[in-house]
Amino acid sequence: MQQLARRARCIRGSRVLEILQRSDAHSVVDPFMGLPTHLNYLKRHGIAVHGGDLLSWPVCVGKGVVSNDLTLLRDDETAAIVEARPGRIYSGESFMSWEGASLGEEHCTYLGIWRENVRELRSEAQTGLALLGLWRVFCYWLQKAEEPDAMEDIAPAELAWHYVRQASQWVATNGRRNTVRCADAVATIEACNADALLLAPPSRGGHRSIDPRVWMWEAWWRGNPAFTLEQLYAESTFGTHPSETEYMFALKNLINKSSKYRLILFLTASSHAPEMESLLRDAGRAVEILAYSDDEVYLVARG
């Protein structure tokens, strides 16, 4: 059975919005965005948002709920996603290697069906909305495997219909240009312009402890059940197995490349806050510490 992360990183859009508004910032870049629901929240409150991530599936979701202003999924399009189409022959075996304690044969069959159906949607925006809905189904399944008596048994197509229909409720416009890109953090920082930069970098060697839902969904989207994050992260800002010195050097380099942003919001934990604060002050920034909990400390760096 997959062991799900109990303390995954959580960026509260409302918290970030409050800090941005206090600092009179109207646009923000997040180069480590992950699932960009917090960017959607900021967009809904008038902030121009720009996100980036190494993984392709969060970027695809971002094209549905961040850069997309108008496109929705209709009922007939949703139905064409969640059910096998009559007369169509599906490969069927694509994700059977995942069958086990967490996923059953029916789950694996539907994963193959959904991937083929989603690939035929007419726009990137619709594809992103579908991925968001199906991601929530996948999370439901893995959570239910851990707590089988605490959650209802719901047929895969019915559950998918519910969550994919909900995804369209995330579509909104703010009259601003909002973007997402599949890129390393440095590339996103250099390519975008905004008042503020939100930095929530992974911990050292963080790819080894990443929630299985995240890498499995990337593997699903790529159509490769054997996919791992090793090669992807090896070419990133931090590399695959950085030493403490290499990790801190990469962070310092990241901050130095962020000089064009008048405001940096650095999300960290209380145990790492002093050394992160030191990096920001060494870059000539005035730092305010906003500690909401041990796992949610914002270093607000101005300069």
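Here are some notes:
- Residue identified as exposed (fewer than 15 other Cβ atoms within 10 Å of the Cβ) and out of contact with any His (no Cβ under 6 Å at 6 or more places or on another chain) among Glu116, Glu18, Glu77: Glu18
- Among residues of the stretch 41-53, those that are surrounded by fewer than 22 Cβ atoms within 10 Å (Cβ to Cβ) and within 18 Å of Cys10 (Cα to Cα), counted: 1
- Qualifying residue in the stretch 113-131 (condition: assigned to a loop (DSSP other than H, G, I, E, B) and in contact with a Gly (Cβ under 7 Å, 6 or more places away or on another chain)): no
- Residue in the stretch 126-147 that is surrounded by 19 or more Cβ atoms within 10 Å (Cβ to Cβ), closer than 24 Å to Asn40 by Cα and aromatic (Phe, Trp, Tyr) present: yes
- Reported count of residues in the stretch 25-43, each being among the β-branched types (Val, Ile, Thr), over 15 Å from Leu265 (Cβ atoms) and not in a helix (DSSP H, G or I), is 0.
- Only one of the numbered conditions (1) within 18 Å of the chain's Cα centre (by Cα); (2) assigned to a helix (DSSP H, G or I); (3) buried (at least 18 other Cβ atoms within 10 Å of the Cβ) is not met by Cys108, and that is (1).
- Residue that is out of contact with any Asp or Glu (no Cβ under 9 Å at 6 or more places or on another chain), among the acidic types (Asp, Glu) and not in a helix (DSSP H, G or I), where the choices are Asp149, Asp76: Asp149
- Scanning the stretch 163-183 for residues that are part of a helix (DSSP H, G or I) and in contact with a helix residue (DSSP H, G or I) (Cβ under 8 Å, 6 or more places away or on another chain), we see that the one that is surrounded by the fewest Cβ atoms within 10 Å (Cβ to Cβ) is Gln166.
- No other residue among Glu124, Glu120 is touching a Cys at 6+ places or on another chain (Cβ under 8 Å) and over 22 Å from Asp211 (Cα atoms) apart from Glu124.
- Within the stretch 82-105, tally of residues that are of a type in the set (Phe, Trp, Tyr) and part of a helix (DSSP H, G or I): 1
- Residue within the stretch 146-165 that is in contact with a strand residue (DSSP E or B) (Cβ under 9 Å, 6 or more places away or on another chain), of a type outside the set (Asp, Glu) and within 25 Å of Asn117 (Cα to Cα) present: no
- Residue that is farthest from Arg285 (Cα to Cα) [pool: residues in the stretch 220-271 that are out of contact with any strand residue (DSSP E or B) (no Cβ under 6 Å at 6 or more places or on another chain) and of a type in the set (Val, Ile, Thr)]: Thr228
- Hits in the stretch 53-100 (condition: farther than 22 Å from Leu232 by Cβ and among the hydroxyl-bearing types (Ser, Thr, Tyr)): Ser67, Thr71, Thr78, Tyr90, Ser91
- When the criteria are applied in full, Val137 meets the requirement of being touching a Phe, Trp or Tyr at 6+ places or on another chain (Cβ under 8 Å), over 12 Å from Glu83 (Cα atoms) and either modelled with pLDDT of 95 or more or not hydrophobic (A, V, I, L, M, F, W, C) (or both).
- When Arg85 is tested against (1) free of Cβ contacts under 8 Å to residues at least 60 places away in the same chain; (2) assigned by TED's automatic domain parsing to the domain that holds Ile189; (3) surrounded by fewer than 19 Cβ atoms within 10 Å (Cβ to Cβ), exactly one condition is not met: (2).
The values are calculated or read from the model by the stated rules, or taken from the named source; none is laboratory data. All of these numbers come straight from a predicted model, not from anything done at the bench. Cβ: placed from backbone, ideal geometry, glycine included. Neighbour counts: every protein chain shown.
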